[in-house]
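Following: one structure in structure tokens, then a few remarks.
Every number in this text was worked out from the coordinates using simple rules, so none of it is lab data. All values derive from a computational prediction rather than experimental measurement. For neighbour counting, all protein chains shown are included, and Cβ atoms are generated from backbone atoms with ideal geometry for every residue, glycine included.
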Amino acid sequence: MGKMRRGMIIKNTSDRPVEIQMATRRLIVQSGEEKMITSEEVRDITLRQKLQVRAISIVRPATEQEELTLRQSLEEEGEQ
């Protein structure tokens, strides 16, 4: 069995808000703020572009519990 891909905690390292319009959702990350993204979103092209220009950086992999919590939250938002 292959290793399960994990989501990531990202951080806005710039001094202004960063908007990331991913295929799955739109994120606005304030200066210095950390947000979590799912394992699928880690591969999003727009997110990757923001990483390349260093508008955001990856802090660390998400824990299994953080990943579960985010997925449940996104499912609930989708149902509204």
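Brief remarks on what is shown
- Within the stretch 8-80, the ratio Rg/Rh, alpha carbon atoms throughout and Rh by Kirkwood, equals 0.95.
- Within the stretch 1-34: backbone nitrogen closer than 15 Å to the E40 label point (7 Å, Cα to C-beta): 5-8, 22-26
- Between helix 64-79 and the chain: long-axis angle, C-alpha atoms, 0 to 90°, nearest 10: 90 degrees
- Estimated 222 nm signal from helices in the chain, with DSSP H stretches of n ≥ 4 weighted -39500 (n - 2.57), rounded to 500: -9500 deg cm²/dmol
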